[in-house]
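Chemist: Have a look at the structure that comes next, please.
The values are calculated or read from the model by the stated rules, or taken from the named source; none is laboratory data. Keep in mind it's a predicted model, so treat the numbers as computed, not measured. Cβ atoms come from the backbone with ideal geometry, glycine included; neighbour counts cover every protein chain shown. Note: areas computed on protein heavy atoms with side chains; ligands, DNA, RNA excluded. Shrake-Rupley method; radii C 1.70, N 1.55, O 1.52, S 1.80 Å.
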Amino acid sequence: MTKRVTIDALADWLRDKEDVLLLGHESPDGDATGSTLAMWHALRAMGKRAVVGLPGGIPLLYAGLPGAGEVRDTGAALPFEPRTALALDVSELPRLGEAGVKRFEACLDRAALDHHHTNPGFGDLYFLDGDAAAAGELVVDLIDGLGVELSRDMATCLFVAISTDCGHFNYSNTRAKTFEAAARCAAAGVDVAGITERLYRTRSAGRTKLLGLVLAGLERSPDGLLAWGRITADMLKEAGALREDKEGVVNYLQEIEGVRIAVLAEERSPSSTKFSLRTKAPLNVARDVAVPLGGGGHDCAAGVTVDLPLEDALKKVLALAREAITNI
């Protein structure tokens, strides 16, 4: 049976474990990447063997983080056979991906740390704080609980984790504790200006072209409350973009004046479509759109994968979005 525990209890549990596999979710973002890498540094500082597993390996955007070269694709060979698995920033077990689920369940001891309200809890035990802006915010506390000094490498990874998941401290999930965690990272010697330049003021040519293609195909409902866009395999090829270049594109749709819900549909295969959903309070896209279709996330930022061709899947998602807007 899965048990919900405090952060201190999770630290006590982890302190006694060995050969740890740190796992992040599919399409790893800054929070999943930074949180797992920070924990890798912390466990190594304790003299433990640890390895990070991310579906698809390290995203190019975060390849410069300390320890990034040690990250493995979840399904690839590992340097040792893990006995312990810790999932970080993973809202539900399937978000680990097929290979990740197998790795997680094969471990003798399993736990999770997360900040998504929709997380049902999985593993032997888990810690959840749905009010936290990022899993990285919670990892700062976990490292403290382990009695490990926050190094510059850990702090660099955690600053990326925290800042990316709260929109560089612009989103409504930013709380006082978010700034406190970021301040801890800054005090440890993080290059705030360098990280900001890399993450928020630099964009590859492929990502720029992809953004242009998405915006060129933008559609809106007649009342202007709903906006949606598409990313197809052909668009990625035309732009010379990577799948990870879609990160943040949905925000451009949400920023259109009058839009209440923004939807970005990404063609993953001829029969599978991944959605990024954004809104503003009091609407809740996790509860009203993502969860009914098997997804999850936060009130104002959620996601779901629908096993249908893009246009068919888009009709289902837009219908739920329209209903959510009507019911406010």
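Chemist: Need the full-extension length gain, D12 to F169, defined as separation in residues times 0.36 nm minus the C-alpha distance. One decimal, nm.
Modeler: Numbers: separation 157, 0.36 × 157 = 56.52 nm, distance 3.09 nm.
Full extension from D12 to F169 adds 53.4 nm.
Chemist: Something else: Going by the alpha-carbon gyration tensor, a ≥ b ≥ c the square roots of its eigenvalues, is region 280-328 rounded (a/c under 1.5) or, if a/c is not under 1.5, prolate (a/b greater than b/c) versus oblate? Intermediate results must be reported in sequence, preceding the final value.
Modeler: Values: a/c = 2.59, a/b = 1.43, b/c = 1.81.
Since a/c reaches 1.5 but b/c is at least a/b, the shape of region 280-328 is classed as oblate.
Chemist: With a 1.4 Å probe and every protein chain left in place, work out the accessible area per residue of the chain in Å², rounded to a whole number. The partial results should precede the final answer.
Modeler: Details: 14040 Å² over 328 residues.
Accessible area per residue, the chain: 43 Å².
Chemist: Moving to a separate point now. Just need the relative contact order of region 234-328 here, percent rounded to a whole number, with Cα pairs under 8 Å and 6+ apart. Numbers along the way, then the final one.
Modeler: Values: 161 pairs, mean separation 22.0, N = 95.
The normalised contact order for region 234-328 reaches 23 percent.
Chemist: Here is a follow-up. Rounded to a whole number of µm²/s, how large is the Stokes-Einstein D of region 217-266 at 37 °C and 0.692 mPa s, given Rh as the Kirkwood radius over C-alpha pairs? Kindly include the intermediate steps, with their values, before the conclusion.
Modeler: Values: Rh = 11.4 Å.
Diffusion coefficient, whole number: 288 µm²/s.
Chemist: On to the next question. Using 1/(1 + (r/R0)^6) with R0 = 41 angstrom and r between the beta carbons of D307 and A193, what's the FRET efficiency to the nearest 0.05?
Modeler: Working: r = 43 Å, r/R0 = 1.06.
My answer for the efficiency is 0.40.
Chemist: Evaluate the distance, in nm, between pseudo-label points positioned 7 Å from the Cα of E180 and of N327 along their respective Cα→Cβ axes.
Modeler: Distance between label points: 3.5 nm.
Chemist: Now for a separate question. Can you give the Kirkwood hydrodynamic radius of the chain from its Cα pairs, in Å with one decimal? Intermediate values should be presented prior to the final figure.
Modeler: On the way: mean 1/r = 0.0500 Å⁻¹.
Mean inverse Cα-Cα distance, inverted, gives 20.0 Å.
Chemist: Here's something else I'd like to know. Which distance in nm do the two modelled labels at E255 and K102 give, with both placed 7 Å along the Cα-to-Cβ direction?
Modeler: 4.1 nm
Chemist: I want to verify a result. In a Gaussian network model of the chain, Cα cutoff 10 Å, which of these has the top mean-square fluctuation: A182, A301, A233?
Modeler: Greatest mean-square fluctuation among the candidates belongs to A233.
Chemist: Between L213, L86, L43, where does the largest GNM mean-square fluctuation fall for the chain, given springs only between Cα atoms within less than 10 Å?
Modeler: Between L213, L86, L43, it is L213 that shows the largest mean-square fluctuation.
Chemist: Hey, another quick one. Report the relative contact order of the chain, percent, no decimals, based on alpha-carbon pairs under 8 angstrom and at least 6 residues apart.
Modeler: Numbers: 670 pairs, mean separation 44.1, N = 328.
The value is 13 percent.
Chemist: For region 6-129, what is the relative contact order in percent, using Cα pairs closer than 8 Å and at least 6 residues apart in sequence?
Modeler: Answer for region 6-129 is 26 percent.
Chemist: Rounded, prolate or oblate: which one fits region 9-140, using the alpha carbon gyration tensor with axes a ≥ b ≥ c (rounded when a/c is under 1.5, else prolate when a/b beats b/c, else oblate)?
Modeler: Details: a/c = 1.21, a/b = 1.08, b/c = 1.12.
Note, shape of region 9-140 comes out rounded.
Chemist: Probe radius 1.4 Å, ligands and nucleic acids ignored: give me the carbon and sulfur share of the accessible area of region 79-175 as a rounded percent.
Modeler: Details: 1540 of 3440 Å².
Result for region 79-175: 45 percent of the exposed heavy-atom area is carbon or sulfur.
Chemist: Report, largest value first, the span of the C-alpha coordinates of region 1-67 along each principal axis, in whole Å.
Modeler: 34, 28, 17
Chemist: So if we plug the beta-carbon distance of R49 and T208 into 1/(1 + (r/R0)^6) with R0 = 30 Å, what FRET efficiency do we get, rounded to 0.05?
Modeler: Details: r = 41 Å, r/R0 = 1.37.
The value I calculate is 0.15.
Chemist: With a 1.4 Å probe and all protein chains left in place, how much of the accessible area of region 199-326 comes from carbon and sulfur atoms, in whole percent? Let's see the in-between values first.
Modeler: Working: 3150 of 6080 Å².
Heavy-atom surface of region 199-326 belonging to carbon and sulfur, 1.4 Å probe: 52 percent.
Chemist: Another question, if that's okay. Largest first, how would S172, S204 line up by accessible area (1.4 Å probe)? If you can, show how the numbers build up before the last one.
Modeler: Numbers: S172 105, S204 55 Å².
Sorted descending by solvent-accessible area, the residues read S172, S204.
Chemist: For a quick check: with amide H placed at 1.01 Å from N, whose amide H comes under 5 Å from I231's, ignoring anything fewer than 5 positions away on the same chain?
Modeler: Placed amide hydrogens put A265, E266, E267 under 5 Å from I231.
Chemist: Next question. When a/c reaches 1.5 or more, the comparison of a/b and b/c decides; with that in mind, is region 80-120 rounded, prolate or oblate per its Cα gyration tensor? Don't skip to the answer; put the middle values down first.
Modeler: Numbers: a/c = 2.67, a/b = 1.71, b/c = 1.57.
Prolate.
Chemist: For M235, M46, give the ranking by accessible area with the largest first, probe 1.4 Å. Please list the in-between numbers first.
Modeler: Numbers: M235 35, M46 60 Å².
Ranking M235, M46 by accessible area, largest first, yields M46, M235.
Chemist: Restricting to the chain, what percent of DSSP beta bridges are antiparallel, rounded to 5? It would help to have the intermediate numbers written out before the result.
Modeler: Values: 18 of 45 bridges.
Of the beta bridges lying entirely in the chain, close to 40 percent run antiparallel.
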